[in-house]
1. Tabulate in residue order the Karplus-calculated ³J(HN,Hα) for region 196-201, using 6.51 cos²θ - 1.76 cosθ + 1.60 with θ = phi - 60°, rounded to whole Hz; enter x for Gly and Pro.
2. Residue 130: which lysines have alpha carbons under 20 Å from its alpha carbon, excluding same-chain residues fewer than 8 sequence positions away?
3. Roughly how large, in nm² to one decimal, is the mean projection of the convex hull of the alpha-carbon atoms in region 39-132?
4. Once amide H atoms are placed 1.01 Å from N in the peptide plane, what residues at a sequence separation of 5 or more from residue 192, or on another chain, have their amide H within under 5 Å of its amide H?
5. Determine the per residue accessible area of region 68-155 with all protein chains present and a 1.4 angstrom probe, expressed in square angstrom.
6. What area, in nm² and to one decimal, does the C-alpha convex hull of region 194-278 cast on average over all directions?
7. Using a 7 Å offset from the Cα along the Cα-to-Cβ direction at both residue 102 and residue 276, what is the distance between the two label points in nm, to one decimal?
8. Using the Karplus curve 6.51 cos²θ - 1.76 cosθ + 1.60 with θ = phi - 60°, work out ³J(HN,Hα) for each residue of region 117-126 in order, rounded to whole Hz, and write x for Gly and Pro.
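The values are calculated or read from the model by the stated rules, or taken from the named source; none is laboratory data. Quantities reported herein were computed from a predicted structural model and do not represent experimental measurements. Glycine gets a Cβ as well: all are built from the backbone with ideal geometry, and neighbour counts include every protein chain shown. In case anyone asks, the SASA skips ligands and DNA or RNA and just uses the protein heavy atoms, side chains included. Shrake-Rupley method; radii C 1.70, N 1.55, O 1.52, S 1.80 Å.
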Amino acid sequence: MRRRAFLASAGIAALAGCSNGDGSTTATPTPTETGAPNFELRGARFPGNKTLNVVTNFIIAVENTGSAAGTFRSPLQMKVGDGEWKTAGEVEMPLDAGETGEWHSPDFLPQYLTTLHFRLGAFDETWSIKIHPRELDFSHYYAVPTGLYINVLGGSFESTYSTSGNETADTTNDTATPAATTTPVSAPDEKAWAVMQVDVRNRLEEPHDAPPASSFVLEVDGEQMPQHQEVSANPYEGGELAGRTVRRGELVYAVPEGTRARDIRLVWEASLPKGDVKAIWTK
């Protein structure tokens, strides 16, 4: 198997993969004996749908229906969403007469929500892969392209929850000193508190902004629940996060009484300079 390189494209890590055949503007035969090769597309295997940060690839099959060996060549083009077509690489396969070869693309990692389109110039055939949000179990992290790891660790349902209190009197010296107190806060009628633990890590050396609490949305049966960060004694907060550091805190939501872990989805999404991203945590 020979290695072929693709140009890096928006939303895809640099591509470098293998093939047992390869690509040019037309199918250019390279005769090696009397007679002539002739190339026909025999199919392709594209995944159709993939999620963010999941390695994918595709296969293109070509048959030499001619009477002599030859080399099939064709450019492989790609475009991201509604962008312009760009040459991503070349498909090239030496094939004996009557032989069918498969060209295997390099593995690549889609990082943004979009549709990736591919076109094989020799046959003017196109295929597409639609990139969907990343779906994760609780306690599994999502790697944001900008350098953060975001992990929703899980949570609990509470009828009352304790928030921070104010200063209390220190009776040993009759002075007012700060002391850790808590005030129980009951959930609204027919509601419960869903208290979710979030962990955000900056894997880079330089500081990076952690996403704000408001960017995390909790849904029950598809309906967005109101967030109540004022209830928590340890609320998650966004803002600057130093390099190689971690921030962990709580997200608090009012949900219907009787809500179960399997009923909820916690969604985080953002529009980044190179595209949109979205991750969904469920049980």
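1. For region 196-201, the Karplus curve yields 10, 9, 10, 10, 10, 10 Hz.
2. The qualifying lysines are 50, 79, 86, 274, 278.
3. The directionally averaged projection comes out at 5.5 nm².
4. The list, which skips near neighbours in sequence, is 255, 257.
5. Result: 42 Å² per residue.
6. If I average the Cα hull's projected area over directions, I get 6.3 nm².
7. A separation of 3.5 nm, rounded to one decimal place.
8. 10, 10, 9, 9, x, 4, 10, 6, 9, 10
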